[in-house]
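The values are calculated or read from the model by the stated rules, or taken from the named source; none is laboratory data. Every value quoted in this text rests on a predicted model; they were computed, and no experiment measured them. Here the Cβ positions follow ideal geometry from the backbone for every residue, glycine too, while neighbour counts run over all protein chains shown.
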Amino acid sequence: MFEKFMESYKKVIFVPIIITILALSLVAFEGVNEGIELKGGSIAEVQLTNDISANALQTQLSQSLGMSGISVMNSGTDKSHVTVELSSGVNDTTFTSALGDNGKVVSYNAIGPVLSQEAMGQVYWALLFAFLFMAITVFIVFREIVPSFAVILAALCDIIIALGGMALFHIPLSIASVGALLMLIGYSVDTDILLTTRLLKRHDGTVVKRASDAMGTGLTMSFAAIAAMVVLYLVTIILIPEASTLTSISSVLIMGLCADIITTWCMNLTILRIYLERSDEKQ
């Protein structure tokens, strides 16, 4: 199977390219929703005093406040405790009045537009600096433009595909998901550097043999990380649904790590093989 894959390596490069284009289309047309901490709004922790479901409470609050964009989520196994997110700023007095006799407000936090704009600015700077320092580090390690470009391109495609998955599954862009995207850059560079080092720095055996060894190690690392994230996702969804931060991190990383498998072994490997073949022809 690996031999057939290596024989048609110039064709498989189109797989990550097509997926990346589709992901870009999703981001462009669907958009990625921003979390409360990035777009502003309010978050309330409510202890229910009446036997009312989360959906019923959400409907009541939407009607009482005359607004959409309200989300009510149960906090763990305790069905009497819910978290309410409001997409627009509402003061605590108005919210308490709309809640009525259905519950008691345990905590209420409002995030203004100034703070949310500052948070978004920090998000963009964090991603920009992550890519900048990654590019500098990769170039210092390999000192060759094409292999360095291949590593950076694979990491960029991983981020785009992960953002496309967030748009598709309506995962909001939050501080947690941004942290997952930054972690994804590290994972992506790790596997790409493994492949590049095996092909460029080692000279024992053929290119196909070195690529096969790198793929065995790289896929083991990737599947282990994906398995860990799947377990984390299932645990948070089933046992501790109030841990929404962990749910966001694990779901984004699962999509990103799956994308990394495709970009590393279908795109980066192809670019490196073509580069090595042309280098051998010149010699």
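Residue check: is Leu181 among the aliphatic types (A, V, I, L, M), within 26 Å of Lys11 (Cβ to Cβ), in contact with a Gly (Cβ under 8 Å, 6 or more places away or on another chain) and assigned by TED's automatic domain parsing to the domain that holds Leu132?
Details: among the aliphatic types (A, V, I, L, M): yes; within 26 Å of Lys11 (Cβ to Cβ): no; in contact with a Gly (Cβ under 8 Å, 6 or more places away or on another chain): yes; assigned by TED's automatic domain parsing to the domain that holds Leu132: yes.
So Leu181 fails the test.
Could you tell me which of the residues Leu65, Leu48, Leu24, Leu61 is touching a Gly at 6+ places or on another chain (Cβ under 6 Å), surrounded by 13 or more Cβ atoms within 10 Å (Cβ to Cβ) and either in the same structural domain as Val178 (by TED's automatic domain parsing) or more than 19 Å from Met166 (Cβ to Cβ) (or both)?
On the way: Leu65 fails: touching a Gly at 6+ places or on another chain (Cβ under 6 Å); Leu24 fails: touching a Gly at 6+ places or on another chain (Cβ under 6 Å); Leu61 fails: touching a Gly at 6+ places or on another chain (Cβ under 6 Å).
Every option except Leu48 fails the conditions.
Please report, ordered by residue number, the helices (runs of 4 or more DSSP H) entirely within segment 105-210 with at least 2 residues that are at pLDDT below 85, among the hydroxyl-bearing types (Ser, Thr, Tyr) and surrounded by fewer than 16 Cβ atoms within 10 Å (Cβ to Cβ).
On the way: elements: 113-142, 145-168, 175-200.
By residue number, 113-142.
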_Looking only at segment 27-45, how many residues end up being at pLDDT 80 or above, part of a loop (DSSP other than H, G, I, E, B) and surrounded by 14 or more Cβ atoms within 10 Å (Cβ to Cβ)?_
2
*Count of residues meeting criterion [in contact (Cβ under 8 Å) with a residue 12 or more places away in the chain and within 19 Å of Gly179 (Cα to Cα)] in segment 220-240*: 8
*Any idea which of (1) in contact (Cβ under 8 Å) with a residue 12 or more places away in the chain; (2) over 19 Å from Pro16 (Cβ atoms) is the one Cys258 doesn't satisfy?*
(2)
*asked:* Residues that are outside any helix (DSSP H, G or I) and surrounded by fewer than 18 Cβ atoms within 10 Å (Cβ to Cβ): does segment 245-256 have at least one?
replied: no
